[in-house]
Amino acid sequence: MADLSSEFLGIKCINPFWLASAPPTDKAYNVVRAFEAGWGGVVWKTLGEDPAPINVSSRYGVHYGQNRQVLGFNNIELITDRSLQINLDEITQVKKDWPDRAMIVSLMVPCEEESWKAILPKVEATGADGIELNFGCPHGMPERGMGAAVGQVPEYIEMVTRWCKQYCSLPVIVKLTPNITDIRLPAEAALRGGADAVSLINTINSITSVNLDTMSPEPSVDGKGTHGGYCGPAVKPIALSMLSEIARNPVTEQLPISGIGGVSNWRDAAEFIALGAGNVQVCTAAMLFGFKIIDDLCDGLSDWMDQKGYDSIDDFCRMAIPNTTDWKYLNMNYKRVAYINQDNCIQCGRCFAACEDTSHQSIAKTAKNGGNEYTVIEEECVGCNLCQVTCPEPNAIEMVDIDEGKAHLSWLHHPANPFKETK
């Protein structure tokens, strides 16, 4: 049976699943319930200076799919609205009672050395295993010179990280904002400042919907709305891309990464780990389904690892990085075409409509047996996958590799490239 135990920055815990800093980790009651359910660790909801911020009502907005499936989740909640000392006392007790679980404390204070110098010893005295610097919150706190206001300026990231390494002996994880053009730059700044790891992504700036009766964005606060932080399954592709950029950047390729962003099931977690995450943090899925989803996460990941012959997380961590590259290096002589399996085709015609109207007119429609038969015109097919993507029957269309005996040819050396390399 696969070993799910995890060690991240020397912090050992029973599995690689941590609850991210958010409402699920706001108080001892929640965290204890999470540990009882089987979570490997938590990042305690972000602490700040007293007096604590005051939150508003309402706080959450949703982007729904079919049947009210939550695709994306928006929040305008701020950091903890409880006093610093209450949080510190609870962290101390929970860590004492649960020594085998990771306890990371998220922090956000003004971008002033004295503020960090004052709070860090108090956090370290709790017995916590590490700290996470919240440089990503996109709402409420940037207006106060914190959160994303720091995370969008590499020089600030480096400076504050250096303060934390100076005034604290705990491992320092820098949580990065996705609301930036090039995620590699803040990661490199964190490394220069001495960060032990980075975590990403934090939430994305968003307005999920507009109430067309009141004409205000949701969530609505007395008829007004604002941008908030977007998370949930919809942000996973963005998170994977940004995580991979850090993992394959020569400057940061050895920097440990805690993966965050839309992890909803064991497969999501495996993908994050394959692209460089040493563990994963979960929030939205726990808020939607409760802490017991940890059973499905662990069982699913363990079963898959057994099937693949992986004994531990380290066996497949970063395995997808060598196969992640820039577009210019892809093989332009590689060919694949679509094939429609007539036994599985339900003759809905969606592939034909998509290809005929919006792609390459490479699917033929023929009247047959009182219905229609759809077949691929191979010489017109460019292998774009659109027909397969739109097909509601997962086994009806497959993409087939065509070996034309051509050597690998990238855009760097392609004859059509006016700046092609000659070597």
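Quick look at the values:
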quantity: Largest-first principal axis extents of the Cα set of the stretch 1-70 (Å); calculated: 45, 43, 22
quantity: Heavy-atom surface of the chain, accessible at 1.4 Å and reported per residue (Å²); calculated: 48
quantity: Sparsely packed GluC sites (Glu not before Pro) within the stretch 206-272, loop by DSSP, other Cβ within 10 Å at most 16; calculated: E253
quantity: Amide hydrogen neighbours beyond the local backbone of C317, cut-off 5 Å, H modeled; calculated: none
quantity: Within the accessible area of the chain (1.4 Å probe), percent carbon and sulfur; calculated: 50
quantity: Residue-by-residue Karplus 3J(HN,Hα) for the stretch 191-200, coefficients 6.51, -1.76, 1.60, Hz, glycine and proline x; calculated: 5, 4, x, x, 4, 7, 6, 10, 10, 6
quantity: Tail fraction, Cα-Cα pairs, the stretch 285-423, threshold 20 Å, whole percent; calculated: 67
quantity: The stretch 317-389, relative contact order in percent, only Cα pairs under 8 angstrom and at least six apart counted; calculated: 34
quantity: Proximal lysines to K368, defined as alpha-carbon separation beneath 21 angstrom and excluding residues fewer than eight positions away on the same chain; calculated: none
quantity: Descending principal axes extents, the stretch 150-201, alpha-carbon based, whole Å; calculated: 31, 18, 14
quantity: Phi-based couplings in Hz for the stretch 330-338 (Karplus 6.51, -1.76, 1.60; Gly and Pro marked x); calculated: 5, 7, 7, 8, 6, 10, 9, 9, 7
quantity: Cα convex hull volume per residue for the chain (Å³); calculated: 192
quantity: Estimated vicinal HN-Hα couplings, Hz - the stretch 268-275 in sequence order (Karplus 6.51, -1.76, 1.60; Gly, Pro = x); calculated: 4, 4, 4, 5, 4, 5, 4, 9
quantity: Mean separation of Cα contacts under 8 Å, 6 or more apart, over the residue count of the stretch 164-240: relative contact order %; calculated: 25
quantity: Rule-of-thumb Rg ratio for the stretch 159-289 [Cα; 2.2 N^0.38 Å; N residues]; calculated: 1.20
quantity: The stretch 1-160: relative contact order in percent, alpha carbon pairs under 8 Å with at least 6 residues between; calculated: 20
quantity: Long-range amide H partners of G383 with built H, under 5 Å; calculated: A338
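The values are calculated or read from the model by the stated rules, or taken from the named source; none is laboratory data. Just so you know, these numbers come straight off a predicted model, no measurement behind them. So basically every Cβ, Gly included, is an ideal-geometry build from the backbone, and we count neighbours across all protein chains shown. Areas reflect the complete protein model, heavy atoms only, side chains present, ligands, DNA and RNA absent. Shrake-Rupley method; radii C 1.70, N 1.55, O 1.52, S 1.80 Å.
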